[in-house]
Amino acid sequence: MVTYGMLQAFLQGAFELIFPDNCLLCRRFLNSLHQRQLCAGCLELLVLNPTPFNRQSASDPLAFDHAWSACLFNEPAQKLLHAFKYNSKTSLCKTFVPLMITFIDRHSLPLQKFDLIAPIPLHPARLRERGYNQSALLSLALSRHYNILHSENLLIRQKMTPTQTGLGAKQRWTNMEGAFRIPNPTDIEGKNIILIDDLFTTGATVHSAAQVLKTAGAAKVGVLTFSVTEGTH
């Protein structure tokens, strides 16, 4: 007699045979019932940023007040972020967010001082093309963990900019000029806001976003990203 448990085990086995649960980096079989994306060895290749990477300076022209990045942008992080952004590997959020939480708690970052948490938005056309905003997945998970109000529509990306990947530093800054607008300025007046993105390179994107927030009346703007490129941490 075939029981429900036997049928469930058969279907699970068939599913794993068709869609094997392999490490996204080394392709080693995980046998984790799809709860993990990386084996223990590859997970250790994601290196937490040893410093809080706090970009706060009275002489700094950047519009944001603080910037923190959880992990260094080494080769494994680069491969995983590419899969996360462009190959629909949204489940990597379950790997990235715990690392960000570990970094936040280790350095006692003052997230509770922020009133709103918001992702760097995609242009509507790019969002339709991709189907999701990877930064919004990170910000939503962090907002739930730290009980901070999440606002996905705080900023609107009004300019269809070319991807920053492959652009030089000067081109990145020019590319982001006038990229964002705020639909409801009264929502942010006097508020402390933390912006979430996947990668900090030159700071051009988050600077542009922070600039319009500050102009509209935000009190403080912080930035938190999953990763940071070499030379900026």
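The values are calculated or read from the model by the stated rules, or taken from the named source; none is laboratory data. Note that the coordinates shown come from a computational prediction; the quantities given were computed from them, not determined experimentally. Because the Cβ atoms are built from the backbone with ideal geometry, glycine has one as well, and the counts that use them run over all protein chains shown. Remember, those area values only see protein heavy atoms, side chains included, never the ligands or the DNA or RNA. Shrake-Rupley method; radii C 1.70, N 1.55, O 1.52, S 1.80 Å.
Sub-7 Å Cβ pairs linking a first residue in the range 132-155 that is closer than 23 Å to THR102 by Cβ to a second residue that is assigned to a loop (DSSP other than H, G, I, E, B) and open to solvent by less than 30 Å² (accessible area, probe 1.4 Å), at least 6 apart or interchain, are SER135/ILE120; ILE148/PHE114, ordered by first then second residue. Checked against (1) closer than 21 Å to VAL221 by Cβ; (2) open to solvent by 20 Å² or more (accessible area, probe 1.4 Å), ASN133 passes all but a single condition, namely (2).
All of LEU127, LEU111 fail the test of being open to solvent by less than 30 Å² (accessible area, probe 1.4 Å), over 12 Å from the mean Cα position of the chain (by Cα) and not β-branched (Val, Ile, Thr), apart from LEU111.
The single condition among (1) surrounded by 22 or more Cβ atoms within 10 Å (Cβ to Cβ); (2) touching a Leu at 6+ places or on another chain (Cβ under 8 Å); (3) modelled with pLDDT of 95 or more that ILE148 does not meet is (1). Out of all the residues in the range 101-128, which are in contact (Cβ under 8 Å) with a residue 24 or more places away in the chain and more than 18 Å from VAL221 (Cβ to Cβ)? The answer is ILE101, THR102, PHE103, ARG106, HIS107, LEU122, HIS123, PRO124, ALA125, ARG126.
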